[in-house]
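The values are calculated or read from the model by the stated rules, or taken from the named source; none is laboratory data. This one's a predicted model, so the numbers in the text were calculated from it and none came from an experiment. Note: ideal-geometry Cβ built from the backbone for every residue, glycine included; neighbour counts use all protein chains shown. For the accessible areas, the whole protein counts, side chains as well, though only heavy atoms, and no ligand, DNA or RNA atoms are used. Shrake-Rupley method; radii C 1.70, N 1.55, O 1.52, S 1.80 Å.
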Amino acid sequence: EVPLVEAGGGLAQPGGSLRLSCQASGFPFSSLTMCWVCQAPGKVLEWVPGISMGDDTTTYPDSVKGRFTISRGNAENTVSLQMNNLKTEDTAVYYCAAVVYGPPVKAFRQNEYDYWGQGTQVTVSS
């Protein structure tokens, strides 16, 4: 089983909603800091939100604050990203990424992540 598996991407209209999920396996979930990282066409990777699975501390960039919510998922060892009031500029491939041993949540640099999911496509278009 792969370490991280994403699901929930798809097509939404501007102002619509999507819910992404990520399931982790093979390592202690409570030791992780989990993040969603996106890459839009022609752009570099961008950190979206993060959550510490040890204490549920969350951090968001200004670009998604008030629109996106990261939280524990309903299934065991999962994290969810609720995406509301979607904008066309949210269109990107969204990756679930993890940093082991639960450092404080921040906008991690690309080389700081220990595990990556395969990514799920989010398209926002009318």
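Have a look at Thr57, Val93, Ser21 and report the one farthest towards the positive end of the charge dipole of the chain, computed about the Cα centre with Cβ charges (Lys/Arg +1, Asp/Glu -1).
Among Thr57, Val93, Ser21, the one farthest towards the positive end of the dipole of the chain is Val93.
How about the range 37-126: which GluC sites (Glu not before Pro) there lie in a loop by DSSP and see at most 16 other Cβ atoms within 10 Å?
Here the sparse-neighbourhood loop sites are Glu76.
For the chain, give the magnitude of the charge dipole about the Cα centre (Cβ charges: +1 Lys/Arg, -1 Asp/Glu; no others), in debye to the nearest 20.
Numbers: 8 positive and 11 negative charges, 62 e Å.
It comes to approximately 300 debye.
Taking only C-alpha pairs under 8 Å that are 6+ residues apart, what is the relative contact order of the chain in percent? Numbers along the way, then the final one.
On the way: 321 pairs, mean separation 45.3, N = 126.
Relative contact order, the chain: 36 percent.
For the range 13-58, with all protein chains present and a 1.4 Å probe, just round the carbon and sulfur fraction of the accessible area to a whole percent.
Exposed carbon and sulfur together represent 49 percent of the surface.
Sort all Cα-Cα distances of the range 40-83 into consecutive 5 angstrom bins from zero, then give the percent of pairs in each bin up to the one containing the longest distance.
With 5 Å bins starting at 0, P(r) equals 5, 21, 26, 23, 16, 7, 3, 0.
Which Cys in the chain stand alone, with every other cysteine's Cβ at 4.7 Å or more from theirs?
Cys35, Cys38
For Phe27, what accessible surface area do you get with a 1.4 Å probe? Give it in Å², rounded to 10.
40
If you take the Cα Rg of the range 22-108 and divide it by 2.2 N^0.38 Å, with N the number of residues, what do you get?
Rg over 2.2 N^0.38 Å, computed on Cα atoms: 1.05.
Write down the accessible area per residue of the chain in Å², having rolled a 1.4 Å probe over the full set of protein chains.
Roughly 52 Å² per residue, with all protein chains present.
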